[in-house]
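The values are calculated or read from the model by the stated rules, or taken from the named source; none is laboratory data. Predicted, not measured: the structure shown is a model, and the values here were computed from it. Using ideal geometry, Cβ is built from the backbone for each residue, glycine included, and neighbour counts are taken over all protein chains shown. Surface areas here come from the heavy atoms of the whole protein model, side chains and all, with no ligands, DNA or RNA. Shrake-Rupley method; radii C 1.70, N 1.55, O 1.52, S 1.80 Å.
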Amino acid sequence: MFVRTESLPQTPQQHMTVRVHTPIGSAVVLWRGDPREADGRHLIEWTVDEDIHWGQNTRPAAAARPELRQEGDRVVMIGRLCLADDGAACLQMGQWSVLLDLASPIPTGLDDSWVQISVGSESVALYPYRS
C-alpha cells in the first residue's frame, strides 16, 4: 500500500517516528527505513509487535469500515479479522493486511468479522519496500 509519511521531531534516545497518512486515517508509528527518506510517499509493510488479547486490546468494532487513528499514545486499527487454520491471524484494513500475533484465543465465529485493535504506538512500525 502506498502511504504518505512525514518525519516528526525526534529525541536522541527514541526510535524514529513518523506520522503516516493513509486513505483511512493517520497515526504516529515507528519508521524502519532510511531516516533520510522518512518524508515522502512509500510502498510499505505494517508490523504490530504487541500481542493481541481478545477483550483487552481487541474487541468487536462499532462500525463496519476500515479506520486508522491515534488515541493518545495508542494506535487504533479497525478492519476485518482473518483467521487461518494454523492459528495465524491478520487484520484486513482496506487494501492492506497486517499480520497479528494472538496471545489468547479469539471467540468462535469471529473470523471475517469487524474488530478494533488498540496497541501502543511504539509497537506499530512501517517498513518501506525497496523496488
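Numbers below:
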read-out: Filter pass, Ser104 being open to solvent by 20 Å² or more (accessible area, probe 1.4 Å), among the small types (Gly, Ala, Ser) and at pLDDT below 90; value: yes
read-out: Where Trp46 falls short, out of the listed (1) open to solvent by 40 Å² or more (accessible area, probe 1.4 Å); (2) in a strand (DSSP E or B); (3) modelled with pLDDT under 95; value: (1)
read-out: Residue match in the stretch 17-38 (condition: in contact (Cβ under 8 Å) with a residue 24 or more places away in the chain and more than 18 Å from Thr5 (Cα to Cα)); value: no
read-out: Filter result (in contact with a Leu (Cβ under 6 Å, 6 or more places away or on another chain) and either open to solvent by 50 Å² or more (accessible area, probe 1.4 Å) or assigned to a loop (DSSP other than H, G, I, E, B) (or both)) within the stretch 88-101; value: none
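Residue-by-condition table, conditions (1) within 11 Å of Gln116 (Cβ to Cβ); (2) in a strand (DSSP E or B); (3) open to solvent by 70 Å² or more (accessible area, probe 1.4 Å); (4) modelled with pLDDT under 95:
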position: Arg59; (1), (2), (3), (4): yes, yes, yes, no
position: Ala63; (1), (2), (3), (4): yes, no, no, yes
position: Gln70; (1), (2), (3), (4): no, yes, no, no
position: Asp86; (1), (2), (3), (4): no, no, yes, yes
